[in-house]
Amino acid sequence: MNKPGFVLAGMVAFLSAAHIPATQADDYSDAVTAYAKGDYSSAISLYKSVANQGPVQGLVQGFVQDSAKAQYNIARMYLQGRAVEQNYEEAFNWMLKAAQNGYVLAQDEVGIMYARGQGRPMDGQEAFNWFEKASEQGYAKSQYKLGFMYADGLIVKQDPEAAFDWFKKSATRGHAEAMYSLAVAYDNGQGVKADPKQAVIWYEIAAEKNISSAQFDLSIMLDKGRGTEQNLVQAYGWASIAEQNGVDGAEELKADIAAKMSPTQIAAAETRAIEWITSH
C-alpha cells in the first residue's frame with residue numbers, strides 16, 4: 001500500500017516534470033470566484049497570472065484548459081470593459097491566443113469577431129475558418145453557423161447538402177435554431193429527400209424550445225395533416241402560441257383553423273396554449 005507521503009512526493013515530481021505551477025489551478029479558481037463577486041480587478045489580475053504561464057503541452061489537459069480559459073475570460077473582459085477600458089483589439093489578441101490553444105469557445109468567438117470586424121478588419125474567410133475549427137470539435141453554435149453559411153452561400157459556394165449535414169450535427173447537439181433549420185430542410189427537400197414526417201418531428205422539438213417559427217410551421221402541418229395526422233386542437237394551440245410570440249400571420253392562421261372547430265375544441269385548444277405559455 002502506498003504511503004501518503006510517497007504519493008504526495010510523486011505528485012510534486014510529476015507537476016515539476018510537466019512544468020506546471022502548483023498554484024495555477026488555484027489562481028484560476030480564485031479568478032472565477034472574484035469575477036462572480038464583482039471584483040473584476042482581482043479577477044483579471046489572476047486570469048493574467050494563469051494566462052501568462054502559458055499552456056502545458058500534453059500530460060495534464062486540465063492545466064492546458066485553465067490557461068486557455070483564462071485567456072478567453074480576459075478577452076471577454078476587454079470586450080465588456082470590465083476592470084479595463086473596452087478595447088476590441090486587445091480582446092481579439094487574447095481571444096486568438098485562447099483559440100490557437102484549442103479552446104472551442106474562443107475559436108467560435110474569433111470567428112464572430114472576424115465576421116463583425118471587431119479588433120481586426122472584417123474577414124469572412126477567416127470567420128468561416130474559425131467556425132470550421134470549432135465545428136470540428138463538436139461545438140453546436142459553430143456548426144449551426146456553418147450550416148447557415150452553406151445554405152445561403154455566404155463566403156462559400158451554396159451547398160444544400162453540406163448545410164443539411166451541419167444543421168443535423170448541430171441539432172443533435174441541442175441547438176434549437178438548428179433544429180428548426182433541419183425541419184425546414186426535411187419539409188422542403190433542401191439537401192435531403194423531402195420527408196414530412198421528419199419535418200414534423202423536428203418542428204415539434206424546436207417548437208417546444210420556443211422557436212416561434214417552428215410553432216407556426218408545426219401548426220400548419222397539424223392543420224393540413226401533413227407528415228402527421230390532422231389535429232385541429234393542437235394546430236390551434238400552436239398557432240395561439242406563435243401569435244403570442246409575435247409571428248406574422250399567426251393570428252390569421254388561428255382564425256382559419258378555428259373556422260373548422262367546435263366551441264368545445266377551441267376551448268380545449270386555448271386551455272392547452274395558456275398552460276404551455278405559463279409553463280414556459
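Of the residues making up segment 226-255, those that are surrounded by 14 or more Cβ atoms within 10 Å (Cβ to Cβ), touching a residue at least 12 places away in the same chain (Cβ under 8 Å) and not hydroxyl-bearing (Ser, Thr, Tyr) number 17.
Restricting segment 181-201 to residues that are under 20 Å from SER212 (Cβ atoms) and not small (Gly, Ala, Ser) leaves a set whose member that is surrounded by the fewest Cβ atoms within 10 Å (Cβ to Cβ) is ASN188. Of all residue pairs spaced 6 or more apart or on separate chains, those with beta-carbon atoms under 6 Å, a first member in segment 132-149 that is closer than 13 Å to GLY174 by Cα and surrounded by fewer than 23 Cβ atoms within 10 Å (Cβ to Cβ) and a second member that is among the polar types (S, T, N, Q) and at pLDDT 95 or above are ALA140/SER170. Quick one: would you say GLY153 is on the phi > 0 side of the Ramachandran plot and either crowded, with 16+ Cβ neighbours inside 10 Å or basic (Lys, Arg) (or both)? No: the conditions fail for GLY153. Counting the residues of segment 202-218 that are surrounded by fewer than 24 Cβ atoms within 10 Å (Cβ to Cβ), polar (S, T, N, Q) and part of a helix (DSSP H, G or I) gives 2. Under 25 Å from ALA75 (Cβ atoms) and small (Gly, Ala, Ser) - does that describe any residue in segment 142-165? So far as segment 142-165 goes, yes, one or more of its residues are under 25 Å from ALA75 (Cβ atoms) and small (Gly, Ala, Ser). Which numbered condition trips up LEU154, out of (1) part of a loop (DSSP other than H, G, I, E, B); (2) within 12 Å of the chain's Cα centre (by Cα)? Against the list (1) part of a loop (DSSP other than H, G, I, E, B); (2) within 12 Å of the chain's Cα centre (by Cα), LEU154 comes up short only on (2). Looking only at segment 66-113, how many residues end up being surrounded by 20 or more Cβ atoms within 10 Å (Cβ to Cβ) and polar (S, T, N, Q)? Residues in segment 66-113 being surrounded by 20 or more Cβ atoms within 10 Å (Cβ to Cβ) and polar (S, T, N, Q): 5 in total. When residues in segment 161-174 are screened for being in contact with a helix residue (DSSP H, G or I) (Cβ under 7 Å, 6 or more places away or on another chain) and surrounded by fewer than 24 Cβ atoms within 10 Å (Cβ to Cβ), 6 of them pass. Given the conditions (1) closer than 30 Å to ALA163 by Cα; (2) surrounded by fewer than 22 Cβ atoms within 10 Å (Cβ to Cβ), report the number of the one that ILE274 does not fulfil. So ILE274 meets the others, but not (1). Evaluating HIS19 against the criteria (1) outside any helix (DSSP H, G or I); (2) modelled with pLDDT of 85 or more leaves one unmet condition, (2).
Table: residues versus (1) aromatic (Phe, Trp, Tyr); (2) in a helix (DSSP H, G or I); (3) in contact with a Cys (Cβ under 8 Å, 6 or more places away or on another chain); (4) more than 30 Å from GLN137 (Cβ to Cβ).
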site: SER181; (1), (2), (3), (4): no, yes, no, no
site: ALA199; (1), (2), (3), (4): no, yes, no, no
site: ILE220; (1), (2), (3), (4): no, yes, no, yes
site: GLY237; (1), (2), (3), (4): no, yes, no, yes
site: SER240; (1), (2), (3), (4): no, yes, no, yes
site: LEU253; (1), (2), (3), (4): no, yes, no, yes
site: MET261; (1), (2), (3), (4): no, no, no, yes
site: GLN265; (1), (2), (3), (4): no, yes, no, yes
site: ARG272; (1), (2), (3), (4): no, yes, no, yes
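The values are calculated or read from the model by the stated rules, or taken from the named source; none is laboratory data. Everything numeric here is computed off the predicted structure, so don't read it as measured data. Cβ: placed from backbone, ideal geometry, glycine included. Neighbour counts: every protein chain shown.
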